[in-house]
């Protein structure tokens, strides 16, 4: 028995590649707050918890640590997880690991959607891993690993373990992430969530989610918690009847140690009771895929739940209830005319959506859009095929209906406009006029809050261009919305990051 245990003992190195400069990668803001990354690698931490307890495990998040040669040499197997926005870093990790003769097992959305591009990886885990891991572990022990492991069905997540938080330093992160459900009831043409996670949301039990909240609470975490669900309100009835009441009770008992954020669809605005329950539970920020104010564009991409409503009024209802709304917007739909650029700017300004993620349409290999454009011979697989008309398109992977240079220039102008100081600070004012947060006991002020205050005053009030817009906002808040002064000081910090997107030489796609 002793020999058997020795033979099954493994040293696993988990590697999370570095993010490129996208909407989600708030490096400059995080630096001034004394943080290293926005969120920990939840997928790898969950896989680590699924592996045998007697295996030795180390995790290198390259957004927080430097991957060293000795880390790779130490391991028996290297496990990598990555999304599209980490592709270049993932490729470098793969090359380095192979140079040192180590075996790579890779999973995550990048490899699941584009596994054909990574034929040099030893083993690929495509899709969700809960029901794959037992077979994978057995094959590792028997030294009989296959090239590809894939589940033909979406696994139940009721038995998904608490992530292995011991592998990371929680204080490196601005927010901790957990997951309640997987899947989304909607089937937008450009989105690959249905193919990756299914259309019927699978939901953890209330006991599971409370156990996960307790796990990070006991470790001393106090602050932001991001529910990474594809659509948190995908099953409203279960959420209202079974999940939120227990979260509300837990938060009240613990005196609201966490501030929650998540992703939802715009129809949250139709359910006042649900919004109020989420506010009571401690949710403060929601990310919504608005995509475009153009009805033809919404119809084209199958975003039917955004149609037959006044999108501006829907956003304001959510803000009025006490949420900050962040949102995603897309340029490059077939129905887009040249007026779309100004229309996007006008909508973003009028909505008061401060963190507006605007991206070029990007075709995922697992989306319905991919199939449609492939049939039309409009996919671009090699940048050398762009032709003279689109030599500047470093991220667009299809031939748009609009003249490509017009699309790129219009897109760049949208970013430069909405992330100019004048427009950005004006948008904060618009948001604060609508924002009506519920009074709950705020979390204890910590050192990084003080760093944020000092950084806001120094960088945006003194050092950066457009400081007169900053001080105009501060004094406006003092006299008009004094209770919201912390937001008037904190929200401007986002400009330190967003302006890097607006003036970047590479145009970043809409990464989810």
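Here's a check for you: in the stretch 457-483, which residue that is buried (at least 20 other Cβ atoms within 10 Å of the Cβ) and modelled with pLDDT of 85 or more is farthest from residue 396 (Cα to Cα)?
Among those that are buried (at least 20 other Cβ atoms within 10 Å of the Cβ) and modelled with pLDDT of 85 or more, it is 477.
What's the total number of residues in the stretch 320-330 that are out of contact with any strand residue (DSSP E or B) (no Cβ under 6 Å at 6 or more places or on another chain) and either part of a helix (DSSP H, G or I) or more than 19 Å from residue 281 (Cα to Cα) (or both)?
Of the residues in the stretch 320-330, 2 are out of contact with any strand residue (DSSP E or B) (no Cβ under 6 Å at 6 or more places or on another chain) and either part of a helix (DSSP H, G or I) or more than 19 Å from residue 281 (Cα to Cα) (or both).
Would you point out which residue out of 441, 436 is within 25 Å of residue 323 (Cβ to Cβ), at pLDDT 90 or above and not in a helix (DSSP H, G or I)?
Numbers: 441 fails: at pLDDT 90 or above.
Testing whether each residue is within 25 Å of residue 323 (Cβ to Cβ), at pLDDT 90 or above and not in a helix (DSSP H, G or I) leaves just 436.
Residues checked against (1) closer than 24 Å to residue 483 by Cα; (2) in a strand (DSSP E or B); (3) over 24 Å from the mean Cα position of the chain (by Cα):
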{"position": "242", "(1), (2), (3)": "no, no, yes"}
{"position": "273", "(1), (2), (3)": "no, no, yes"}
{"position": "280", "(1), (2), (3)": "yes, no, no"}
{"position": "290", "(1), (2), (3)": "no, yes, no"}
{"position": "293", "(1), (2), (3)": "no, no, no"}
{"position": "298", "(1), (2), (3)": "no, no, no"}
{"position": "308", "(1), (2), (3)": "no, no, yes"}
{"position": "337", "(1), (2), (3)": "no, no, yes"}
{"position": "354", "(1), (2), (3)": "yes, no, no"}
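Taking the stretch 263-284 as the search range and keeping residues that are out of contact with any helix residue (DSSP H, G or I) (no Cβ under 8 Å at 6 or more places or on another chain) and within 11 Å of residue 323 (Cα to Cα), which one is surrounded by the fewest Cβ atoms within 10 Å (Cβ to Cβ)?
Among them, the one singled out is 284.
Can we say residue 121 is touching a strand residue (DSSP E or B) at 6+ places or on another chain (Cβ under 8 Å), touching a residue at least 12 places away in the same chain (Cβ under 8 Å) and not in a loop (DSSP other than H, G, I, E, B)?
For residue 121, the condition - touching a strand residue (DSSP E or B) at 6+ places or on another chain (Cβ under 8 Å), touching a residue at least 12 places away in the same chain (Cβ under 8 Å) and not in a loop (DSSP other than H, G, I, E, B) - is not met.
Return yes when residue 198 is surrounded by fewer than 21 Cβ atoms within 10 Å (Cβ to Cβ) and modelled with pLDDT under 95 and no when it is not.
yes
Return the pair list, or none, for Cβ contacts closer than 9 Å from residues in the stretch 465-483 that are at positive phi to residues that are part of a helix (DSSP H, G or I), at least 6 apart or on different chains.
Every condition considered, the pairs that remain are 466/421; 466/422; 466/424; 466/425; 466/460; 466/495.
Given the residues 112, 97, which is the only one that is out of contact with any helix residue (DSSP H, G or I) (no Cβ under 6 Å at 6 or more places or on another chain), within 24 Å of residue 150 (Cα to Cα) and touching a residue at least 12 places away in the same chain (Cβ under 8 Å)? Break it down stepwise before answering.
Working: 97 fails: out of contact with any helix residue (DSSP H, G or I) (no Cβ under 6 Å at 6 or more places or on another chain).
Exactly one residue qualifies, and that residue is 112.
Give the stretch 64-100 a look and list any residue that's surrounded by fewer than 21 Cβ atoms within 10 Å (Cβ to Cβ), out of contact with any strand residue (DSSP E or B) (no Cβ under 8 Å at 6 or more places or on another chain) and part of a helix (DSSP H, G or I), or say none.
Hits for the stretch 64-100 are 69, 70, 73, 87, 88, 89, 91, 92, 95, 96, 99.
Take the stretch 227-242 and flag every residue that is touching a residue at least 60 places away in the same chain (Cβ under 8 Å) and surrounded by 23 or more Cβ atoms within 10 Å (Cβ to Cβ).
Listed by number, the list is empty, since nothing qualifies.
Would you point out the residue of the stretch 380-411, among those that are in a helix (DSSP H, G or I) and surrounded by fewer than 17 Cβ atoms within 10 Å (Cβ to Cβ), that is modelled with the lowest pLDDT?
So, considering only residues that are in a helix (DSSP H, G or I) and surrounded by fewer than 17 Cβ atoms within 10 Å (Cβ to Cβ), the one modelled with the lowest pLDDT is 388.
Select from the stretch 251-262 the residues that are closer than 21 Å to residue 201 by Cα and out of contact with any helix residue (DSSP H, G or I) (no Cβ under 9 Å at 6 or more places or on another chain) and list them in ascending order.
Of everything in the stretch 251-262, just one residue is closer than 21 Å to residue 201 by Cα and out of contact with any helix residue (DSSP H, G or I) (no Cβ under 9 Å at 6 or more places or on another chain), namely 261.
Those residues that are in contact with a helix residue (DSSP H, G or I) (Cβ under 7 Å, 6 or more places away or on another chain) and surrounded by fewer than 16 Cβ atoms within 10 Å (Cβ to Cβ), I need them from the stretch 285-308; list them, please.
307
The values are calculated or read from the model by the stated rules, or taken from the named source; none is laboratory data. Here the structure is a predicted model, which means the values were calculated and not measured. Every residue, glycine among them, receives a Cβ derived from its backbone with ideal geometry; neighbour counts consider all protein chains shown.
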